[in-house]
């Protein structure tokens with residue numbers, strides 16, 4: 001008789017009255033789950049991983065090798081932690097994780113070490129933003145691996161993010177806004193997009209969902225997709241005039257050439273082309289959100305007033321957005337309060353200086 005097979009943790013097995021082996025996942029606080037097949041077979045391990053995570057089996061999990069990074073990713077996508085995220089955050093996480101799994105999905109999650117994470121980030125050193133997103137995604141997957149019992153440690157814990165000196169998206173200047181307006185007159189979709197972004201200070205995902213039904217009592221009412229913040233933004237007269245001159249035959253103000261609502265990525269690509277047409281390849285839709293905060297700061301609005309428009313809950317983020325405008329306004333106010341330091345020279349010194357100048361001139 002061979003050695004007795006050790007069952008995975010929390011798995012109990014027995015022979016039924018017909019002599020058929022049955023296996024169940026039984027863990028205190030969790031519902032009992034029947035496990036198909038024999039221990040350590042692909043279908044058995046897929047169900048076992050699902051049971052550990054406490055969620056339903058994700059589609060396609062049975063075709064994925066148990067214990068691999070792809071299996072962990074599928075388990076995470078079905079977990080409450082992922083499902084509880086905002087839709088925009090889910091899309092961002094899923095995109096990064098799926099790109100990672102395309103190259104490393106068949107590798108075993110239990111074998112990932114710190115040096116592997118460091119090496120992958122170093123390979124993306126020229127794109128620190130992408131490297132840091134990968135680190136964040138891996139930290140999430142490793143945390144989930146610990147939750148479902150595949151690992152006891154997090155190899156990303158001591159891996160630091162790459163520090164960048166970038167100021168983020170370029171904030172549009174008044175001259176750049178004027179150049180865009182000259183290229184795209186009132187009545188065009190591009191001009192409407194500019195006005196919605198600039199006069200509401202919202203992210204692209206919120207702007208592309210705006211429609212006439214959101215305007216009530218002279219304000220645009222919306223719930224931000226990323227933060228869940230409910231806002232009522234007064235409609236600026238300039239924005240009202242541009243909306244009035246645009247077609248309102250659809251549920252959203254901004255539509256594709258086929259009359260369908262924009263997706264976030266499709267809108268960014270479309271608006272990028274409109275910026276290029278205006279000779280502004282360095283400008284972007286998100287840069288207008290920063291410009292809106294700058295314009296409000298230059299008008300003398302407080303951080304709390306600006307946040308009431310943009311929906312920022314972090315004053316530190318607003319300070320970063322409006323730093324240049326605040327510096328100039330404060331510098332101008334300070335200079336206006338400054339007394340004159342240089343006094344008129346005494347008459348006798350002025351007379352001597354004049355004679356010296358005349359003598360020096362004669363020598364020339």
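The values are calculated or read from the model by the stated rules, or taken from the named source; none is laboratory data. Keep in mind it's a predicted model, so treat the numbers as computed, not measured. Quick reminder, even Gly has a Cβ in these numbers, built from the backbone with ideal geometry, and neighbours come from all protein chains shown.
May I ask you to verify whether residue 315 is touching a helix residue (DSSP H, G or I) at 6+ places or on another chain (Cβ under 6 Å) and surrounded by fewer than 19 Cβ atoms within 10 Å (Cβ to Cβ)? Here the answer is yes, as residue 315 does meet what is asked.
Of all positions in segment 282-289, none carries a residue that is in a strand (DSSP E or B), surrounded by fewer than 18 Cβ atoms within 10 Å (Cβ to Cβ) and modelled with pLDDT of 90 or more. The set of residues from segment 8-32 being surrounded by 10 or more Cβ atoms within 10 Å (Cβ to Cβ) and at pLDDT 85 or above comprises 11, 12, 13, 21, 22, 23, 24, 25. Please indicate, with yes or no, whether at least one residue in segment 148-156 is under 30 Å from residue 66 (Cα atoms), surrounded by fewer than 16 Cβ atoms within 10 Å (Cβ to Cβ) and touching a residue at least 24 places away in the same chain (Cβ under 8 Å). So far as segment 148-156 goes, yes, one or more of its residues are under 30 Å from residue 66 (Cα atoms), surrounded by fewer than 16 Cβ atoms within 10 Å (Cβ to Cβ) and touching a residue at least 24 places away in the same chain (Cβ under 8 Å). The helices (runs of 4 or more DSSP H) located wholly in segment 98-203 that include 2 or more residues which are touching a helix residue (DSSP H, G or I) at 6+ places or on another chain (Cβ under 7 Å) and either at pLDDT below 90 or within 30 Å of residue 223 (Cβ to Cβ) (or both) occupy 128-147, 174-183, 189-200. Quick check: anything in segment 246-263 part of a helix (DSSP H, G or I), touching a helix residue (DSSP H, G or I) at 6+ places or on another chain (Cβ under 8 Å) and surrounded by fewer than 17 Cβ atoms within 10 Å (Cβ to Cβ)? Within segment 246-263 (the criterion being part of a helix (DSSP H, G or I), touching a helix residue (DSSP H, G or I) at 6+ places or on another chain (Cβ under 8 Å) and surrounded by fewer than 17 Cβ atoms within 10 Å (Cβ to Cβ)), the answer is no, since none of the residues qualifies.
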